[in-house]
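Any read-out appearing in this document is the output of simple, stated calculations on the displayed coordinates, not a laboratory observation. Note that the coordinates shown come from a computational prediction; the quantities given were computed from them, not determined experimentally. So basically every Cβ, Gly included, is an ideal-geometry build from the backbone, and we count neighbours across all protein chains shown.
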Amino acid sequence: MNYAAITGWGKCMPPSVLTNADLATFLDTDDEWITSRTGMRERRISHVPAIEMAYVAAMRALACAGLKPTDIDLIVYGSCSFDEMVPNTASALQYKLGADGAAAMDVNTACTSFLYGLSTANAFVRMGTAKRALVIGVELISRYMDWDNRGCAVLFGDGCAAVVLEQTESRTGLLAETLGCYGDARGILRVRGYGATYANVNVTFGDMLWDFDGPQIFKKAVQGMTDASAKTLAKVNVKPDEIDLVVPHQANSRIIESVAKYAGISMEKVHLTVHKYGNMSAATVPVALVEALEEKRIAPGAKLLMPAFGAGLTLCSHYVEWGERVVPKDVSNVELPPCDKTALELVNEIRAAKDARGRSLAGIEGAYYVDRRPYATQ
Ligand code: UT7
């Protein structure tokens, strides 16, 4: 039987740091509220398009695996903040890397996009459709954040990480997962202004309005990640106390603490990045995974659990058994271009552009809602 070993990993974090104090310069918020409610102190703001971060992370992951871009035959680009919708962004990464033999697909399940992408690539590699795959988790949330809305603007940041999968006969890599979606809750986290519904209609291009019900998302997130984790562990007959490290989606330290408590896993076995990067959506889990490796928290054969949730509300929990190698084969010298602006300057530029364009979405209700059509009444 074939498996898909994770043989390469690399991250790319933009250098500009946005602090809670920076946010308090233009929002009615403060460090005490943000830190006590979320565990967040800082997040990063990118000065480059998402594809640039993806390129650097991909080159680092490939070097770590000892591979060249031309060795890859599948690219899965997990995100919900694409630089462009058509053509897809994976094709831009394929072209920039020179990975000419690779199929290239985007996966969007919001914050779970990296893990859904990992499931996709894992299946392709285990089936033999691809032999070596690159899976990206990248977000440039700052470009379409609703910076007037303190309920969500303080929570997110930009970032990227990538992993390489290679076919192997050793029982290693992603061994079980549970994927799901609470479609009835899709309205509690929704970005208006992004998508064909808003194209060529009477909406100012670039206006973004977030529907964001934090407390409801919080409850669904805890329920979804807890249920998915229990199901995943049952599939592989692994007990919670056998897990060596939890690498969860990092949307709020209190959500993570609740999931760990319900799952019966000590917080000492949870790898946290939320305090320094905030919620990077699809990038949170891969960045935390790369940092756990860099900090030597993952030993050969380690048993990992990766629960996540995102808009949709999508949910999942992945069980990974690590292989033998926990150190990179090689290191890439590719870097992002330097940034000569502070994160606050970058955010204020986005806010000023929005002010100059004007807001058109504020008065628009019901842009696009899906009605439930029970099968029985069709
Ligand atoms: O990856 C998916 C992304 N989404 C999430 O992860 C969101 C999950 N939800 C959460 O993380 C939490 O619900 C929040 C951090 C968003 C909010 O924490 P909470 O403990 O659920 O908030 P709360 O309901 O206890 O308090 C909300 C209050 C409201 O004021 P009132 O109505 O009680 O007077 C808000 O107006 O806090 C207020 N508030 C803020 N105050 C200062 C909301 N945002 C802020 C803010 N600064 N940034």
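How big is D, in µm² s⁻¹, for the range 195-327 by Stokes-Einstein at 20 °C and 1.002 mPa s if Rh is the Kirkwood radius over C-alpha pairs? Spell out each step's value before the answer.
Details: Rh = 16.0 Å.
In µm²/s, the coefficient is 134.
Loop only by DSSP, 11 or fewer other Cβ within 10 Å of the Cβ. Give me the chymotrypsin sites (Phe, Trp or Tyr not before Pro) in the range 121-213 that pass, ordered by residue number. Could the numbers behind the result be given before it?
Values: sites: Phe124, Tyr144, Trp147, Phe156, Tyr182, Tyr194, Tyr198, Phe205, Trp210, Phe212; in loops: Trp147, Tyr182, Tyr194, Phe205.
Listed in order of number, the matching sites are Phe205.
For the ranges 280-287, 51-58, what's the packing order if you count other beta-carbon atoms within 10 Å of each residue, average per peptide, and put the highest first? Intermediate results must be reported in sequence, preceding the final value.
Working: 280-287: 31.6, 51-58: 26.5.
Ranking, from highest mean packing down: 280-287, 51-58.
Return one quarter of the surface area of the convex hull spanned by the alpha-carbon atoms of the chain, equal to its mean projected area, in nm².
Values: hull surface 77.5 nm².
Spelled out: convex hull of the Cα atoms, projected over all directions, averaged, 19.4 nm².
Filter the trypsin sites (Lys or Arg not before Pro) in the range 151-210 down to the DSSP loop ones having no more than 16 other Cβ atoms within 10 Å, then list what survives. List each step's numbers first, then the result.
Working: sites: Arg171, Arg186, Arg190, Arg192; in loops: Arg171.
Loop-located and lightly packed - Arg171.
Could you tell me which of rounded, prolate or oblate describes the range 259-312, using a ≥ b ≥ c as the square roots of the eigenvalues of the alpha-carbon gyration tensor, with rounded for a/c under 1.5 and, failing that, prolate when a/b is larger than b/c and oblate otherwise?
Numbers: a/c = 1.68, a/b = 1.16, b/c = 1.44.
It comes out oblate by the Cα gyration axes.
Specify the residue with the greatest mean-square fluctuation among Asn237, Asn252, Asn108, computed from a Gaussian network of the chain linking alpha-carbon atoms under 10 Å apart.
Asn237
Roughly how far apart, in whole Å, are the Cα centres of the range 213-240 and the range 37-80?
Their Cα centres are 26 Å away from one another.
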